[in-house]
Amino acid sequence: FVGLIITNCIIMGRLEAFALGNKPGPSLLDAIGNAMGYAWILLVVSVVREIFGSGAISLPGMGQVKFLPADWFITNGGFYENNNLMILPPMALVVVGLIIWIQRSRNQALIEEN
């Protein structure tokens with residue numbers, strides 16, 4: 001959980017720095033935007049990891065929602081085998097790195113120059 005704590009500290013530090021130099025209205029909107037962006041990234045990373053890791057997502061009250069057809073799995077004569085490595089915590093870093101790479105490939109203005 002250390003990585004999550006560090007990430008939260010970075011986000012809170014950025015929010016506090018913005019709030020110190022701005023009025024409450026823009027600071028509130030900035031905080032809401034940051035919270036929504038952070039939640040969106042967490043959701044995308046978790047969905048990608050679950051789909052590639054187990055082929056399904058567990059939803060409260062609905063059980064497991066399978067995204068891959070049953071005949072794709074090796075146990076049913078298909079080609080897909082669960083990649084349990086994707087479920088491990090370090091793979092979240094890899095997924096975030098891939099998201100950043102895709103975003104910067106699509107929008108060249110985001111690439112920093114030395």
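The values are calculated or read from the model by the stated rules, or taken from the named source; none is laboratory data. Everything numeric here is computed off the predicted structure, so don't read it as measured data. Please note: Cβ atoms are built from the backbone with ideal geometry, for glycine as well, and neighbour counts cover all protein chains shown.
Only residues that are surrounded by 10 or more Cβ atoms within 10 Å (Cβ to Cβ), free of Cβ contacts under 8 Å to residues at least 24 places away in the same chain, aliphatic (A, V, I, L, M) and over 16 Å from V44 (Cβ atoms): list them for the stretch 54-108, please.
A56, V65, L68, A70, I74, L88
Look through the stretch 19-67, keep the residues that are within 19 Å of the chain's Cα centre (by Cα) and charged (D, E, K, R), and return whichever of them is nearest to V94 (Cα to Cα).
Only one residue fits best here, namely R49.
Any chance you could count how many residues in the stretch 48-77 are part of a strand (DSSP E or B) and hydroxyl-bearing (S, T, Y)?
Total satisfying the criteria: 1.
Look through R104, R14 and report the one residue that is outside any strand (DSSP E or B), basic (K, R) and modelled with pLDDT under 90.
Residue meeting the stated conditions: R104.
When the residues of the stretch 78-97 are narrowed to those that are at pLDDT 85 or above and not in a helix (DSSP H, G or I), which ends up farthest from the chain's Cα centre (by Cα)?
L88
Identify the single condition in (1) surrounded by 10 or more Cβ atoms within 10 Å (Cβ to Cβ); (2) among the aliphatic types (A, V, I, L, M); (3) in contact with a helix residue (DSSP H, G or I) (Cβ under 6 Å, 6 or more places away or on another chain) that A35 does not satisfy, given that it satisfies every other one.
Condition not satisfied by A35: (3).
Here is a check on your reading of the model: is R49 in contact (Cβ under 8 Å) with a residue 24 or more places away in the chain and of a type in the set (D, E, K, R)?
yes
So, in the stretch 32-46, how many residues would count as being within 12 Å of T7 (Cα to Cα) and either in contact with a strand residue (DSSP E or B) (Cβ under 9 Å, 6 or more places away or on another chain) or outside any helix (DSSP H, G or I) (or both)?
The total comes to 0.
Give just the number: which of (1) at pLDDT below 90; (2) surrounded by 12 or more Cβ atoms within 10 Å (Cβ to Cβ); (3) assigned to a helix (DSSP H, G or I); (4) aliphatic (A, V, I, L, M) does L28 not satisfy?
For L28, the exception is condition (1).
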